[in-house]
Amino acid sequence: MLDNTDILILDELSKNSRITMKELGEKVHLTGPATSARVAKLADNGIIERYTIKVNQEKMGFIVHAIIHIYTKITNHQPYLSFINEQEQYVINNYKVSGESCYLLECKFPSNEILDEFLTGLSNYVSYKLSIVINK
């Protein structure tokens, strides 16, 4: 069971996973070694699975942020999934969902022209409904 200190640690690590244990300890009112032990325990218990970075897609040139609802045409989804794997440079997340659509696809593209090429290829496998993210 997590206590308030564990939750504070997770909150701080989610903001900056490169923080030092000393700095983290100061934020959660523990010593560096005590904080390190808590983080190790959270990792050992599977609460912390990995440390990641957040890449600024816009600074990398991916300025078009698209959310695409996917409607499969056939029960075999493998052709769609293979296409998505081939387009991994554009795909941020591909969620299999329940509800109106079969998948929810989140992508970033460097231009509307490349988005159009992607959608043309995508239409060989599925139907879709496109939404462009205006602001986060």
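The values are calculated or read from the model by the stated rules, or taken from the named source; none is laboratory data. On a predicted model such as this, the values are computed, not experimentally measured, just so you know. With ideal geometry, Cβ positions are generated from the backbone for all residues, glycine too; neighbour counts draw on all protein chains shown. Just so you know, the surface numbers come from the protein's heavy atoms only, side chains and all, with ligands and any DNA or RNA stripped out. Shrake-Rupley method; radii C 1.70, N 1.55, O 1.52, S 1.80 Å.
Structure values in brief
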item: Heavy-atom accessible area order for ARG50, ARG18, ARG38, largest first, 1.4 Å probe; result: ARG18, ARG50, ARG38
item: Inter-label distance for ALA43 and LYS59, nm, one decimal - labels placed 7 Å from Cα along Cα-to-Cβ; result: 2.6
item: Cβ-Cβ FRET estimate between SER98 and SER36, R0 fixed at 35 Å, reported to 0.05; result: 0.30
item: Using a Förster distance of 41 Å, the FRET efficiency for ASN76-TYR51 (Cβ separation, nearest 0.05); result: 0.65
item: Per residue accessible area of the chain, 1.4 Å probe, in Å²; result: 69
item: Relative contact order, percent, the range 1-91 [alpha-carbon distance under 8 Å, six or more residues apart]; result: 16
item: Alpha carbon convex hull of the range 79-136, projected area averaged over orientations, nm²; result: 4.3
item: Linear extension gain, PHE83 paired with ASN124, 0.36 nm per residue minus alpha-carbon span; result: 13.8 nm
item: Accessible surface ranking that places the most exposed of ASP6, ASP44, ASP11 first, with a 1.4 angstrom probe; result: ASP44, ASP11, ASP6
item: Largest to smallest accessible area among ILE67, ILE132 [probe 1.4 Å]; result: ILE132, ILE67
item: Projected-area average for the chain over all orientations - Cα convex hull basis, square nanometres; result: 11.1
item: Sum of -39500 (n - 2.57) over DSSP H runs of 4+, divided by residues of the chain (222 nm, nearest 500); result: -11500 deg cm²/dmol
item: Added length on full extension, which subtracts the Cα-Cα distance from 0.36 nm per residue, ASP11 to VAL133; result: 41.3 nm
item: In Å², nearest 10: area of LEU10 left accessible to a 1.4 Å probe; result: 50
item: Inter-centroid distance (Cα atoms) of the range 55-108 relative to the range 15-46, Å; result: 35
item: Shape parameters for the range 43-94, alpha-carbon atoms, Rg then Dmax in Å; result: 15.7, 43
item: Computed over the range 1-43, Kirkwood Rh from alpha-carbon pairs, angstrom; result: 9.9
item: Accessible-area value, TYR90, 1.4 Å probe, nucleic acids and ligands omitted, Å²; result: 40
item: Nearest-0.05 FRET efficiency for GLU106 and GLU26, computed from C-beta distance (R0 41 Å); result: 0.70
item: About the Cα centre, charge dipole magnitude for the range 13-136 (Lys/Arg +1, Asp/Glu -1 at Cβ), debye; result: 600
